[in-house]
1. What percent antiparallel are the DSSP beta bridges of the chain, to the nearest 5?
2. Note the angle between two axes, namely the Cα long axis of helix 59-69 and the longest principal axis of the Cα atoms of the chain, as a number of degrees from 0 to 90, rounded to the nearest 10.
3. Multiply the residue separation of His51 and Ile69 by 0.36 nm, subtract the distance between their alpha-carbon atoms, and state the gained length in nm to one decimal.
4. Given that just one value was derived from the coordinates, which of [x] 5.0; [y] 5.8; [z] 4.6 is mean projected area of the Cα convex hull in nm²?
5. Using +1 on the beta carbon of Lys and Arg, -1 on that of Asp and Glu, and nothing else charged, what's the dipole of the chain about the Cα centre, debye to 20?
6. Tell me the angle of helix 30-41 to the major Cα principal axis of the chain, expressed in degrees between 0 and 90 and rounded to the nearest ten.
7. Roll a 1.4 Å probe over the protein chains and send me the accessible area per residue for the chain in Å².
8. How high is the relative contact order of the chain? Use alpha-carbon pairs under 8 Å, at least six apart in sequence, and give a whole percent.
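The values are calculated or read from the model by the stated rules, or taken from the named source; none is laboratory data. The structure presented is a predicted model; accordingly, all values stated were derived computationally and were not measured. Note: ideal-geometry Cβ built from the backbone for every residue, glycine included; neighbour counts use all protein chains shown. All accessible areas refer to the heavy atoms of the entire protein, side chains included, with ligands and DNA or RNA removed. Shrake-Rupley method; radii C 1.70, N 1.55, O 1.52, S 1.80 Å.
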Amino acid sequence: MQTAHLTIEKRKRGKTVTVIRELASHGNDLPGLLTILKNKCGAGGSLHDDHIEIQGNQLERIRTELQQIGYKVKG
């Protein structure tokens, strides 16, 4: 079981994003996971090399969804 590390980061112009780190790109369908999380949160998001970003403070929604999928969550 993988552990996802969640953080809230503030970007320029006061924008807030929820960042999911520590997910291995091999063995995971990260584009599919991004789509699920964006739909669940009703927000935009993007996939980077080593992390996923979802717009806004979506910490609780993402934590709940990842736990239901089967990830351990920290943060």
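1. The antiparallel proportion sits near 80 percent.
2. In the chain, helix 59-69 runs at an angle near 20 degrees to the longest axis.
3. Numbers: separation 18, 0.36 × 18 = 6.48 nm, distance 1.75 nm.
Going from the current span to full extension adds 4.7 nm.
4. [z]
5. About 400 debye.
6. It works out to around 50 degrees.
7. Values: 4730 Å² over 75 residues.
Ligands and nucleic acids excluded, the figure is 63 Å² per residue.
8. Once normalised by length, the contact order is 40 percent.
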